[in-house]
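Working notes for the structure below.
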């Protein structure tokens, strides 16, 4: 979300809803962190959804905005947004209905890819990684250069969880070769290095060394991961 600041996210009503989503994901980070890249990518998607809706006022973007508002809606208590739900099951039902209708109406569009991505996140949150993988693969096909790259990034993480390491490596190498607004080359490089940490530490170091000097979060993560490639060293 480097391109969209928290201030930018609060400059119109839809952006405020996006801000609520960010806060909700951050508040429940411990519940979803086991999905690694999926949890991170969810935040990126939120920024991406705002960017697309803000700049391209078309019907399918408005439908995606509806899906995102349902995603952000409170459960069990009244909220200030357009939607609220008595329980998680009711919210999941509404989210699935809205996202599925968008996909059916605008099949093959970027927004259909974004909806498929959100359904994948929901499936992963419920532990259904096989369903998440199915939605993510479709999102890669439908999501265009931006949402498709984000889905590919999350799919790599799901592949790792499912023991499909070779598939994950292929996906991340594709992202390194062709990064996007929503998934940078550095993000994909770090994700690939994490795969290599235990089995191929030398390859992990080659990927991380060029990043360690950056005075950003990327540099700090690279330094931390490099230390893990030297298990018997203080480096």
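If only residues of the range 142-192 that are outside any helix (DSSP H, G or I) and within 15 Å of the chain's Cα centre (by Cα) are counted, the one that is nearest to residue 117 (Cα to Cα) is 143. Tell me, please, whether a residue that is surrounded by 17 or more Cβ atoms within 10 Å (Cβ to Cβ), over 16 Å from the mean Cα position of the chain (by Cα) and over 30 Å from residue 203 (Cβ atoms) can be found in the range 128-138. Within the range 128-138 (the criterion being surrounded by 17 or more Cβ atoms within 10 Å (Cβ to Cβ), over 16 Å from the mean Cα position of the chain (by Cα) and over 30 Å from residue 203 (Cβ atoms)), the answer is no, since none of the residues qualifies.
Every number here is computed from the coordinates shown, using simple stated rules; none is lab data. Note that this is a predicted model, so its numbers are computed, not measured. Note: ideal-geometry Cβ built from the backbone for every residue, glycine included; neighbour counts use all protein chains shown.
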